[in-house]
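Trainee: One structure follows; several queries about it will come next.
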Amino acid sequence: MAGRDDPDGSRGVGEVNETAFGHRATLFDEEPDAEAPGPTRKAGVLAGVRRLDPVLVDRIAAGEVVERPASALKELVENAIDAGARAIEITLEGGGAKLIRVADDGHGMGPDDLALAVLRHATSKLPDGDLSDIRTLGFRGEALPSIGAVAHLSITSRRAGDEAAHAILVEGGRTGPVRPAAAPPGTRVEIRDLFFATPARLKFLKSPRAEAQAAAEIVRRLALAHPAIRFTLAGDHLSGGTYPAETDDAAGFLRRAARLFGAEFTANAAPVSASREGLALEGHVGLPTFHRGTAGHIHMVVNGRPVRDKLLLSAVRGAYADVMAGDRHPVLALRLDCAPAFVDVNVHPAKTEVRFRDPGLVRSLVLSAIRDALGRAGVRGATTGAASALSMMRRPGGSGAWIPAAPRPGAFAGWQAPPDTSPAGGLETPPSSGGFGEDGQAGFDGVAMPTARQAEPDGSADAETHPLGAARAQLHETYIVAQTRDGIVLVDQHAAHERLVYERLKRERAGRGISRQILLIPEVVELDAVEVERLAGATEALASLGLVLEPFGPAAVILREVPAALASGNLGRLVRDAADALAEDQGLMEGTGHDGASPLERRLDAVLSRISCHGSIRAGRRLTAPEMDALLREMEATPFSGQCNHGRPTFVELKLADIEKLFGRR
């Protein structure tokens with residue numbers, strides 16, 4: 001290629017390179033000759049290469065490391081943790097834009113170390129310079145000089161054996177001398193007027209309240225990652241708070257998580273403990289019915305470092321995909337420990353992301369460990385469901401007792417018990433106009449009392465010792481009322497049986513295959529051409545699920561076999577739901593999904609989830625007492641039965657003590 005000054009292309013390649021790159025060599029060899037002619041600025045473009053001013057270099061670095069007050073606070077707290085602090089006190093003003101103060105009781109620094117700490121790329125955290133063996137949170141040596149380049153930075157530090165402390169001040173990149181000071185052992189760092197040297201950055205900050213909340217979230221995540229350290233946070237736009245030091249074990253980790261998520265997390269979490277090929281995972285995961293609207297309550301810690309890693313988040317979503325609605329997010333706290341060489345923490349300036357040497361191993365460990373924990377939780381449901389139900393029945397004024405609405409005049413006049421004509425042999429209540437605190441609400445229309453209550457069979461009293469108790473009634477031919485030793489349980493019969501059918505079909509598919517039943521008269525189901533083509537392309541996969549069909553013209557399919565458990569369902573709707581499930585997961589037939597399962601497996605599970613609805617007990621079906629008890633016992637023996645396929649709870653438990661409070665008996 002011809003040079004810019006050589007239109008004929010007669011100049012040699014070596015000469016072109018020498019002219020084109022001659023000035024770049026001055027960056028590494030020596031300063032360019034001031035008398036040599038150099039490129040000039042033309043049409044607003046700056047040509048030529050020059051060294052940037054060191055202060056400007058630090059301010060550019062600050063743009064990567066210090067995005068907002070929360071970023072600066074993160075760097076200071078991580079330094080305190082690396083210094084072996086057992087107590088860290090944090091104070092904010094103006095959301096951190098005016099003041100960030102971090103005081104710790106760590107090892108401290110002497111005057112020589114203090115002078116080096118504010119220089120670029122100076123650190124004590126890489127003693128042998130091995131980037132594959134990083135055992136600290138900070139190691140780049142950029143944070144303090146970058147902060148000092150855009151703010152007023154003061155550091156006061158004292159080692160335990162020193163007679164006095166020493167301090168240093170950095171203002172807008174200009175460093176002052178190290179001077180004696182008075183301070184207890186440890187280090188105190190103050191950042192005042194953040195971004196005063198780069199005023200344009202201030203325009204990108206949010207309100208002081210929003211910045212304060214972002215800083216508080218940083219403290220929360222670091223506090224969870226290091227439960228043995230006491231954290232204190234104070235300042236305006238903050239409620240403040242202290243996280244007392246806990247033991248550095250699984251119990252202490254759970255107690256610290258409960259302080260962050262609320263006391264109800266302990267009662268609604270399942271323990272996780274798994275290890276594989278040098279990886280160790282432990283912590284607690286919330287039950288599927290204990291969820292939130294955002295992913296902000298998913299806390300992952302890798303070797304003591306809080307991270308928001310896409311790989312880990314996708315594994316979490318995959319673990320909950322079968323038991324939680326797509327628009328909800330779990331609450332969990334997990335920490336993963338591995339060899340430093342197994343994870344690369346040097347992939348982001350702010351150290352918020354990591355990369356694993358074997359991402360497939362990490363994903364499968366997280367996924368299987370969470371699924372195993374949720375499976376062991378069995379039939380547990382979130383306690384918050386009961387609290388919500390009880391709150392709806394409390395007196396509007398806020399007292400504990402419940403006051404029912406007065407019945408309308410004549411509402412029960414002349415009423416007589418109807419004869420026992422129900423198919424289940426139970427009794428039905430008459431239409432009622434009273435309700436739970438709301439006049440005119442038919443609270444118990446269609447209540448069916450099973451015969452078991454009149455003549456309890458042998459062992460009925462023992463049934464109350466089961467987690468879901470013994471069936472006592474059916475409300476509106478939809479909800480089962482069961483009695484336990486210390487309360488009652490309300491079960492949504494359709495949602496519960498839908499989960500049972502789904503899990504049964506999955507077990508059959510994983511074993512000998514789903515049992516099929518040949519239809520005596522094949523059923524023709526009319527669909528549009530696109531749906532017919534979609535089903536025709538998945539006939540082999542559908543056959544493995546018990547659905548044997550084939551195209552029947554351009555706009556219909558003929559169904560010949562169905563899963564035995566679904567033979568009595570609406571077969572036309574079953575086929576249409578299978579087509580819808582395939583459409584939702586369209587185009588995922590190659591590779592492995594974020595949940596560790598193949599796309600085909602995810603498709604099959606999606607179809608099973610859809611079609612299991614058709615083999616379930618429908619709302620409006622009256623059940624006998626043995627049928628209700630059999631449903632309760634199967635729920636207790638089936639994993640994930642605390643929620644349906646769509647993530648909704650299948651039952652709510654009310655303790656007797658809470659019910660007594662509603663009536664003022666406690």
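The values are calculated or read from the model by the stated rules, or taken from the named source; none is laboratory data. It should be emphasised that the depicted structure is a prediction, and the values quoted were computed from it without experimental measurement. As a convention, Cβ positions derive from the backbone with ideal geometry for all residues, glycine included, and neighbour counts pool all protein chains shown.
Trainee: For the subset of segment 187-220 comprising residues that are closer than 24 Å to Glu171 by Cβ and within 24 Å of the chain's Cα centre (by Cα), which member is surrounded by the fewest Cβ atoms within 10 Å (Cβ to Cβ)?
Mentor: Going residue by residue through segment 187-220, those that are closer than 24 Å to Glu171 by Cβ are 187-205, 208, 211, 215.
If we keep only those that are within 24 Å of the chain's Cα centre (by Cα) as well, we get 211, 215.
Working: Glu211: 22, Ala215: 27.
Filtering first and then ranking leaves Glu211.
Trainee: Anything in segment 328-350 that is assigned to a loop (DSSP other than H, G, I, E, B) and crowded, with 22+ Cβ neighbours inside 10 Å? List them, or say none.
Mentor: Going through segment 328-350, the residues assigned to a loop (DSSP other than H, G, I, E, B) turn out to be 328, 331, 338-339, 345-350.
Result: Val331, single match.
Trainee: To continue, here is another question. Of the numbered conditions (1) part of a strand (DSSP E or B); (2) closer than 25 Å to Lys74 by Cβ; (3) touching a residue at least 40 places away in the same chain (Cβ under 8 Å), Pro271 satisfies every one except a single condition; which is it?
Mentor: Pro271 satisfies every listed condition except (2).
Trainee: I'd like to check which strands (runs of 3 or more DSSP E) are fully inside segment 505-578 and have at least 1 residues that are in contact with a Pro (Cβ under 7 Å, 6 or more places away or on another chain) and more than 22 Å from Asp605 (Cβ to Cβ).
Mentor: The strands (runs of 3 or more DSSP E) meeting that bar are 556-563.
Trainee: Got at least one residue in segment 311-319 being of a type in the set (S, T, N, Q), touching an Asp or Glu at 6+ places or on another chain (Cβ under 8 Å), farther than 18 Å from Ala257 by Cα and surrounded by fewer than 22 Cβ atoms within 10 Å (Cβ to Cβ)?
Mentor: Checking segment 311-319: at least one residue is of a type in the set (S, T, N, Q), touching an Asp or Glu at 6+ places or on another chain (Cβ under 8 Å), farther than 18 Å from Ala257 by Cα and surrounded by fewer than 22 Cβ atoms within 10 Å (Cβ to Cβ).
Trainee: When you go through (1) under 28 Å from Phe290 (Cα atoms); (2) of a type in the set (D, E, K, R); (3) modelled with pLDDT under 75 one by one for Glu590, which number turns out not to apply?
Mentor: (1)
Trainee: Exactly one condition in (1) outside the structural domain of Arg86 (by TED's automatic domain parsing); (2) in contact with a strand residue (DSSP E or B) (Cβ under 7 Å, 6 or more places away or on another chain); (3) of a type in the set (Gly, Ala, Ser) is not met by Ala251; state its number.
Mentor: All conditions pass for Ala251, except number (2).
Trainee: Kindly indicate whether Gly235 is surrounded by fewer than 16 Cβ atoms within 10 Å (Cβ to Cβ) and either touching a residue at least 24 places away in the same chain (Cβ under 8 Å) or over 13 Å from Val77 (Cα atoms) (or both).
Mentor: Considered against the rule, which asks whether it is surrounded by fewer than 16 Cβ atoms within 10 Å (Cβ to Cβ) and either touching a residue at least 24 places away in the same chain (Cβ under 8 Å) or over 13 Å from Val77 (Cα atoms) (or both), Gly235 comes out as no.
Trainee: Return only the number of the condition from (1) exposed (fewer than 15 other Cβ atoms within 10 Å of the Cβ); (2) out of contact with any His (no Cβ under 9 Å at 6 or more places or on another chain); (3) assigned to a loop (DSSP other than H, G, I, E, B) that Ala245 does not satisfy.
Mentor: The single condition Ala245 does not satisfy is (1).
Trainee: On to the next question. Looking at Ala225, is it surrounded by 22 or more Cβ atoms within 10 Å (Cβ to Cβ), within 16 Å of Ala70 (Cα to Cα) and hydrophobic (A, V, I, L, M, F, W, C)?
Mentor: no
Trainee: Quick check on my filter: what residues within segment 255-280 are within 18 Å of Ala369 (Cα to Cα), under 16 Å from the mean Cα position of the chain (by Cα) and surrounded by 18 or more Cβ atoms within 10 Å (Cβ to Cβ)?
Mentor: Hits for segment 255-280 are Asn268, Ala269, Ala270, Val272.
Trainee: For segment 206-242, enumerate the residues that are assigned to a helix (DSSP H, G or I) and under 19 Å from Glu282 (Cα atoms).
Mentor: Within segment 206-242, Arg220, Arg221, Leu222, Ala223, Leu224, Ala225 qualify.
Trainee: Give the number of residues within segment 86-100 that are on the phi > 0 side of the Ramachandran plot and either in a strand (DSSP E or B) or over 28 Å from the mean Cα position of the chain (by Cα) (or both).
Mentor: 1
Trainee: Among the residues that make up segment 112-124, is at least one of them surrounded by 16 or more Cβ atoms within 10 Å (Cβ to Cβ), in a loop (DSSP other than H, G, I, E, B) and on the phi > 0 side of the Ramachandran plot?
Mentor: no
Trainee: Oh, and also: May I ask you to verify whether Ala183 is buried (at least 16 other Cβ atoms within 10 Å of the Cβ), of a type in the set (Gly, Ala, Ser) and closer than 21 Å to Val66 by Cβ? Let's see the steps before the verdict.
Mentor: Numbers: buried (at least 16 other Cβ atoms within 10 Å of the Cβ): yes; of a type in the set (Gly, Ala, Ser): yes; closer than 21 Å to Val66 by Cβ: no.
Answer is no for this residue.
Trainee: Scan segment 620-633 for residues that are part of a helix (DSSP H, G or I) and crowded, with 17+ Cβ neighbours inside 10 Å and jot them down. Steps first, answer last, please.
Mentor: Step one: filter segment 620-633 for residues part of a helix (DSSP H, G or I), giving 625-633.
Hits for segment 620-633 are Ala625, Glu627, Met628, Asp629, Leu631, Leu632.
Trainee: Further question: If you check Lys125 against the conditions, is it at pLDDT 95 or above and farther than 21 Å from Tyr243 by Cβ?
Mentor: no
Trainee: While we're looking at this one, here's another question. Any idea which residue in segment 71-87 is nearest to Thr187 (Cα to Cα), counting only those that are touching a helix residue (DSSP H, G or I) at 6+ places or on another chain (Cβ under 8 Å) and not aliphatic (A, V, I, L, M)?
Mentor: Across segment 71-87, the extreme among qualifying residues is Asn79.
Trainee: Within segment 543-562, does at least one residue satisfy the condition of being within 29 Å of Ala321 (Cα to Cα), loosely packed, with under 15 Cβ neighbours inside 10 Å and hydrophobic (A, V, I, L, M, F, W, C)?
Mentor: No: zero hits.
Trainee: On to the next question. Which of (1) part of a loop (DSSP other than H, G, I, E, B); (2) touching a strand residue (DSSP E or B) at 6+ places or on another chain (Cβ under 9 Å); (3) buried (at least 22 other Cβ atoms within 10 Å of the Cβ) does Asn645 not meet, given it meets every other one?
Mentor: Among (1) part of a loop (DSSP other than H, G, I, E, B); (2) touching a strand residue (DSSP E or B) at 6+ places or on another chain (Cβ under 9 Å); (3) buried (at least 22 other Cβ atoms within 10 Å of the Cβ), the lone unmet condition for Asn645 is (2).
Trainee: What is the number of the single condition among (1) more than 26 Å from Val343 (Cβ to Cβ); (2) in contact (Cβ under 8 Å) with a residue 40 or more places away in the chain; (3) buried (at least 24 other Cβ atoms within 10 Å of the Cβ) that Leu153 does not meet?
Mentor: Failed condition: (2).
Trainee: Just one of Arg158, Arg179, Arg174 is charged (D, E, K, R), over 18 Å from Glu75 (Cα atoms) and modelled with pLDDT under 95; which is it?
Mentor: Arg174 is the lone residue from the list that is charged (D, E, K, R), over 18 Å from Glu75 (Cα atoms) and modelled with pLDDT under 95.
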